[in-house]
Amino acid sequence: MSEDKTIEAWVKYKDLEKRVKGDANEVIRELISFISEVMPRLEFISKLTLTVDEEKFLASCSRIMKLTPEGVVVTGSTENLTDRELILLHLSKVHFGYITKNLDSDRALIGDLITHTKKTAGTVAGRISEMSAEGLVERVGKGEYRITTYGLDFFMNSVLTKFVA
C-alpha cells in the first residue's frame, strides 16, 4: 500500500493568493517563488500609498485636542492660523471625535465650519472650494465635508507645527 505524500498549501496576503499542490519540495519552491515575486511589488506599492495611522494622528493631535464630556476641544491658540488652517483644524477635530467614538460621523456641515472658524460664509465656501480642488477636503453631501487622507497628512505635517508645545 503506497502512501500519498501530496501536500496542499494556500497562502493569502491582502487580495493576492496562491494555491499549490504537489510534493514537499515542489510546494516549498512555488511558495518561495510567489512570496519573492509579491513582496517587492507590495513594498513598492506601499511606498506609493499615502496613509495616516490613526494612532499616530491621535498622538499628534493630543497636544492640542482633548476629550471632554461635551466633546472634543482645541486647547491651543488658533489666532495665528489662516482661514484654510482653521478649516483643516475643525475637520481634523471632527475626525478626532469620530475616531475616538465621541462623534457618529466624520463629516462637518458648512454651518459648523463657519461657526468654528468665525469667518464669513463666502470666505469658508471659497476656501473649501480651493481645498477640495487640491484634494485636502472632499464634499460628501449637500453642505457636508470631510478631511481627506491627504488633508490629514498635510494637517499633521504643516498645521500642527504652528502650535507651540
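The values are calculated or read from the model by the stated rules, or taken from the named source; none is laboratory data. Bear in mind the structure is a predicted one, so any value in this text is a computation, not a measurement. Using ideal geometry, Cβ is built from the backbone for each residue, glycine included, and neighbour counts are taken over all protein chains shown.
Criterion applied to I87, I110 was being in the same structural domain as R63 (by TED's automatic domain parsing), surrounded by 20 or more Cβ atoms within 10 Å (Cβ to Cβ) and modelled with pLDDT of 95 or more, and the one residue passing it is I87. Do you know which residues across region 32-84 are within 28 Å of T117 (Cα to Cα), without any contact (Cβ under 8 Å) to a residue 12 or more places away in the chain and in a loop (DSSP other than H, G, I, E, B)? Of everything in region 32-84, those that are within 28 Å of T117 (Cα to Cα), without any contact (Cβ under 8 Å) to a residue 12 or more places away in the chain and in a loop (DSSP other than H, G, I, E, B) turn out to be D53, S62, P69, E70, T75, T78, E79, T82. Of all residues assigned to region 36-46, at least one qualifies as being surrounded by fewer than 16 Cβ atoms within 10 Å (Cβ to Cβ), of a type in the set (S, T, N, Q) and either over 21 Å from V140 (Cβ atoms) or in contact with a helix residue (DSSP H, G or I) (Cβ under 7 Å, 6 or more places away or on another chain) (or both). Out of region 68-109, which residues are over 21 Å from E130 (Cα atoms), aliphatic (A, V, I, L, M) and in contact with a strand residue (DSSP E or B) (Cβ under 8 Å, 6 or more places away or on another chain)? Residues satisfying the conditions are V72, V73, V74, L103. Among the residues making up region 8-30, a single one is in a helix (DSSP H, G or I) and exposed (fewer than 10 other Cβ atoms within 10 Å of the Cβ): N25. Looking at S33, is it assigned by TED's automatic domain parsing to the domain that holds K101 and surrounded by 12 or more Cβ atoms within 10 Å (Cβ to Cβ)? No: the conditions fail for S33.
Given the condition assigned to a helix (DSSP H, G or I), of a type in the set (D, E), in contact with a Lys or Arg (Cβ under 7 Å, 6 or more places away or on another chain) and within 20 Å of T148 (Cα to Cα), answer yes or no: does some residue in region 99-114 qualify? The answer is no, given that none of the residues of region 99-114 is assigned to a helix (DSSP H, G or I), of a type in the set (D, E), in contact with a Lys or Arg (Cβ under 7 Å, 6 or more places away or on another chain) and within 20 Å of T148 (Cα to Cα). Scanning for something at negative phi and within 26 Å of the chain's Cα centre (by Cα), does region 23-39 turn up at least one residue? Checked against the condition, which is being at negative phi and within 26 Å of the chain's Cα centre (by Cα), region 23-39 yields at least one hit.
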